[in-house]
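The values are calculated or read from the model by the stated rules, or taken from the named source; none is laboratory data. None of these values were measured; they are calculated from a predicted model. Note: ideal-geometry Cβ built from the backbone for every residue, glycine included; neighbour counts use all protein chains shown.
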Amino acid sequence: MKQILAILGMNLRTILARSGSSIVIIIGIAGSVAVMVSLLAMAEGLSKTIANTGEEDRVLIFRDGANSELSSGIYVPNVSIIENMPGIRQSDEGPMISSELYTIIDLKKKGAEDTSNLPLRAVQQMSFKIRPELKIIEGQNFTPGRAEIIVGKGANDQYESLDIGDQIKVRDTLVTVVGIFATGGDVHESEIWADLAGAQGFFRRENSASIAIAQMESSSVITEFGVALELDPRLELRVQGEADFYSQQSSGASGVIEIFGYVVAIIMAIGAVFAALNTMYSAVSTRLVEIGTLRAVGFQGGSVLLALMIESMILALLGGLLGAGISYLIFNGYTVSTLASGSFTQTAFDFAVTGSIVSQGLILALIVGFLGGVLPARRAATQDITEALRAI
Amino acid sequence: MSDSLVSVKAVNKTYQRGGEKLVVLDDLSLEVPKGDFLALMGPSGSGKSTLLNLIGGLDTPTSGSVEVDGERLDALNSKALSKWRSSHVGFIFQFYNLLPVLTAFRNVELPLLLTKLSGSQRKQHVETALNIVSLADIVCDEPTGDLDRDTATDILNLLQILNRDHGKTILMVTHDPMAADSAKRILHLDKGKLTH
């Protein structure tokens, strides 16, 4: 250990003298780590946003065979059959079940030339009781029967013409923004909400909706409720827990970004390994006589190897910390939106640079440092001493 | 037990260069008694530095044996040789091989890091400039090769003091006749063999 520390101390003292080549390692690794951390933070943010949506004791009711709200269609009068089934919680205003129409309108995102898909959810008043997490944070709620909408704060951040008082065209009808709402950072903040009856008119959907949402007495009754409903030949519907549905939605989208992040980071890391190899080989060759002298006076090859490996990994760790730090400063909490899988709509979310992601970045850096250092260090440790001493 | 500090017996050292076999030391034998001050002379490529490297434990022979202070160096592995060098031998290199990132003090202290001496003991050794002589016998490869005449004379006087007053055994490779004259014995090598 004493030998390793002595050699390491000497090597670290020369880092400033070799600042140019040391910086190549640090910057190269910082780039790889920054890209990986940023992409994983994006995947994490999207996953959190979607997966945080939904409660364990709420269910979504789809047309049998539909696996998304957009592809689902239900006949609203049938909901009166469902509302009398056991398991649905009762409130002062009746059974807690509400039909919702989920569709897409086109609107320009801020600073964009083209329009993007913006999800519109048309709801009955019971939806607000079923989803108490929805809070009007600015303005007021829409009045049923009037051409009014409320806007999620994510959609308000991302799209043009969604401030209070603005009017947008929904099919042939001009609707007015009367309020902004928040839902605790979940996916609904990327939506605009309207009254179901009005929206059925805009979209000429008469008595149809996309899904129904129901508040159950508890999560334990969901299975029994689902079996009863799915076995009813009049309905042809299927039931899925709300939390389960959004968790399933998140795994696809964030999974793709995650895989992309790892692939890009690994490609960049391979480049960084070569930069580290080059720098460490150069560091070893410029110190060949020093290393030969150390070994001549009795320092062991293994100590030389370990000291050089530690040096390489210290440089890599510095690069990793720099890359993760850059990613954190620039991206953590940064809000973007992306096309969500299944719904083909824009979902706004915040990048989330978590401790786990930073750890993965630092592990990548250490792997690069190890791979970049091991061959040059091995060369230094096994180099013939007499040849090293002649290298002056 | 013989009085020899160094006993080199029937040593061969060859290198393979492509298809060619290069004989550097050819069946060479040498005895160096304790307290000797031996100068090895010879033309470039005669094998004198290689012989010095074998005796200093920096290299191993292709065949034959090298025994120093009762230890068969040719039988030791790399790790054991490192340990042996750290406690038995001091080196004076032609180009000093000082480590530029270390102070003069730290350069002298460096070999002592491999001993069991405490920090204060190492400091004492370095300050009294006795670290080398207290721990090791000495091999010198062209110790005056890169020095001006006055400094070379000082170094040779120092080596004579170490040999005469401290009983250190010194092996020195040199091209310099003045340096060789400081030694008690001079041996000549040519083409890997001792000539006289």
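Listed values, structure above:
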quantity	calculated
Single condition residue A:124 does not satisfy, out of (1) surrounded by 15 or more Cβ atoms within 10 Å (Cβ to Cβ); (2) under 27 Å from residue A:46 (Cα atoms)	(2)
Flag for residue A:236 being in contact (Cβ under 8 Å) with a residue 12 or more places away in the chain, away from chain B (no Cβ under 14 Å), more than 28 Å from residue A:363 (Cα to Cα) and surrounded by fewer than 24 Cβ atoms within 10 Å (Cβ to Cβ)	yes
Residue list for segment B:148-183, filter: closer than 14 Å to residue B:41 by Cβ and not in a strand (DSSP E or B)	B:174, B:175, B:176, B:177, B:178, B:179, B:180, B:181, B:182, B:183
Residue count for segment A:269-287, restricted to those that are at pLDDT 80 or above and within 14 Å of chain B (Cβ to nearest Cβ)	0
In segment B:173-196, the residues that are of a type in the set (A, V, I, L, M, F, W, C) and touching a helix residue (DSSP H, G or I) at 6+ places or on another chain (Cβ under 7 Å)	B:173, B:179, B:186, B:189
Top-ranked residue of segment A:293-320 - restricted to ones that are free of Cβ contacts under 8 Å to residues at least 60 places away in the same chain and either in a helix (DSSP H, G or I) or of a type in the set (A, V, I, L, M, F, W, C) (or both), ranked as surrounded by the most Cβ atoms within 10 Å (Cβ to Cβ)	A:297
Residue check for residue A:221: assigned to a helix (DSSP H, G or I) and not small (Gly, Ala, Ser)	yes
Some residue of segment A:62-75 being in a strand (DSSP E or B) and under 15 Å from residue A:216 (Cβ atoms)	no
Number of the condition not met by residue A:246 [criteria: (1) modelled with pLDDT under 85; (2) closer than 20 Å to residue A:115 by Cβ]	(2)
Flag if residue A:50 is at pLDDT 75 or above, of a type outside the set (Phe, Trp, Tyr) and part of a helix (DSSP H, G or I)	no
Flag if residue A:290 is buried (at least 17 other Cβ atoms within 10 Å of the Cβ), among the acidic types (Asp, Glu) and within 14 Å of chain B (Cβ to nearest Cβ)	yes
Number of positions in segment B:51-85 that are facing chain A (nearest Cβ under 8 Å) and not hydrophobic (A, V, I, L, M, F, W, C)	8
Residues (of a type in the set (A, V, I, L, M), over 19 Å from the mean Cα position of the chain (by Cα) and either under 26 Å from residue B:159 (Cβ atoms) or part of a loop (DSSP other than H, G, I, E, B) (or both)) located in segment B:1-42	B:1
Those residues of segment B:43-59 which are hydrophobic (A, V, I, L, M, F, W, C) and in a loop (DSSP other than H, G, I, E, B), in sequence order	B:58
Test set (1) loosely packed, with under 15 Cβ neighbours inside 10 Å; (2) in contact (Cβ under 8 Å) with a residue 12 or more places away in the chain - residue A:105 fails condition number	(1)
Subset tally (residues that are within 17 Å of residue A:80 (Cβ to Cβ) and among the aliphatic types (A, V, I, L, M)) for segment A:212-226	3
Qualifying positions in segment B:86-104 - more than 10 Å from chain A (Cβ to nearest Cβ) and either assigned to a loop (DSSP other than H, G, I, E, B) or at pLDDT 70 or above (or both)	B:92, B:103
Of all residues making up segment A:149-172, the number that are surrounded by fewer than 18 Cβ atoms within 10 Å (Cβ to Cβ) and touching a helix residue (DSSP H, G or I) at 6+ places or on another chain (Cβ under 6 Å)	1
Members of segment A:24-70 that are acidic (Asp, Glu), surrounded by 20 or more Cβ atoms within 10 Å (Cβ to Cβ) and more than 30 Å from residue A:326 (Cα to Cα)	A:69
Candidate set from segment B:65-80 (those that are assigned to a helix (DSSP H, G or I), more than 14 Å from the chain's Cα centre (by Cα) and not small (Gly, Ala, Ser)); member that is surrounded by the fewest Cβ atoms within 10 Å (Cβ to Cβ)	B:79
